[in-house]
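Mind having a look at this structure? Questions to follow.
The values are calculated or read from the model by the stated rules, or taken from the named source; none is laboratory data. All figures in this text were calculated on a predicted structure; none of them were measured in a lab. Positions of Cβ are backbone-derived with ideal geometry, glycine not excepted, and every protein chain shown enters the neighbour counts. These area figures cover heavy atoms from the full protein model, side chains too; ligands, DNA and RNA do not enter into them. Shrake-Rupley method; radii C 1.70, N 1.55, O 1.52, S 1.80 Å.
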Amino acid sequence: MRRAEILAEVKALLAECGGVDPRHVDEQTAFVADLALDSLVLVRMTVLAEERFGLRIPDEVAWELHTVGAVVDHVEETLAGRIGAERE
């Protein structure tokens with residue numbers, strides 16, 4: 001999955017979970033500071049992201065992902081690591 005596709009999915013999750021207009025979101029957008037999302041929305045988004053991307057985001061990691069770009073990075077790295085492990 002390409003970075004642009006991951007970003008589009010994260011934007012869709014924000015729209016679905018937080019009612020956020022994806023046109024106003026970029027990788028620097030902060031969930032709390034910029035979008036004023038509360039912890040319940042962030043937990044719901046994390047669960048949906050796990051389902052949509054087919055991966056696990058541990059709680060201790062999820063609470064460190066403060067921006068859209070951080071989520072995209074985490075998903076991209078996790079998927080790349082899984083692909084690399086499958087090839088070995």
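Per residue, how large is the accessible surface of the chain? Use a 1.4 angstrom probe and give square angstrom.
On the way: 5370 Å² over 88 residues.
On a per-residue basis, the chain sits at 61 Å².
What ³J(HN,Hα) values, in whole Hz, does the Karplus curve 6.51 cos²θ - 1.76 cosθ + 1.60 give for region 5-12 when θ = phi - 60°, with x put for Gly and Pro?
5, 4, 4, 4, 5, 5, 4, 5
Quick check: net charge around Leu7, other residues with Cβ under 11 Å of its Cβ, Lys/Arg +1 and Asp/Glu -1? Walk me through the numbers before you get to the answer.
On the way: positive: Arg2, Arg3, Lys11; negative: Glu5, Glu9, Asp26, Glu27, Asp73, Glu76.
Combined, the nearby Lys, Arg, Asp and Glu give -3.
Okay, moving on. Go ahead and estimate [θ] at 222 nm for the chain from helices alone: -39,500 (n - 2.57) per DSSP H run with n ≥ 4, summed, over the residue count, rounded to 500. Mind dumping the intermediate values first?
Numbers: 4 runs with 55 residues, N = 88.
After summing the helix terms and dividing by residue count, I get -20000 deg cm²/dmol.
Size of the dipole of the chain about the Cα centre, Lys and Arg at +1 and Asp and Glu at -1 on the beta carbon, nothing else charged, in debye to 20? Let's see the in-between values first.
Working: 9 positive and 18 negative charges, 49 e Å.
Approximately 240 debye in magnitude.
Quick check: at a probe of 1.4 Å, how many percent of the accessible area of region 3-74 sits on carbon and sulfur atoms?
On the way: 2160 of 3970 Å².
After summing per-atom areas, the C and S share lands at 54 percent.
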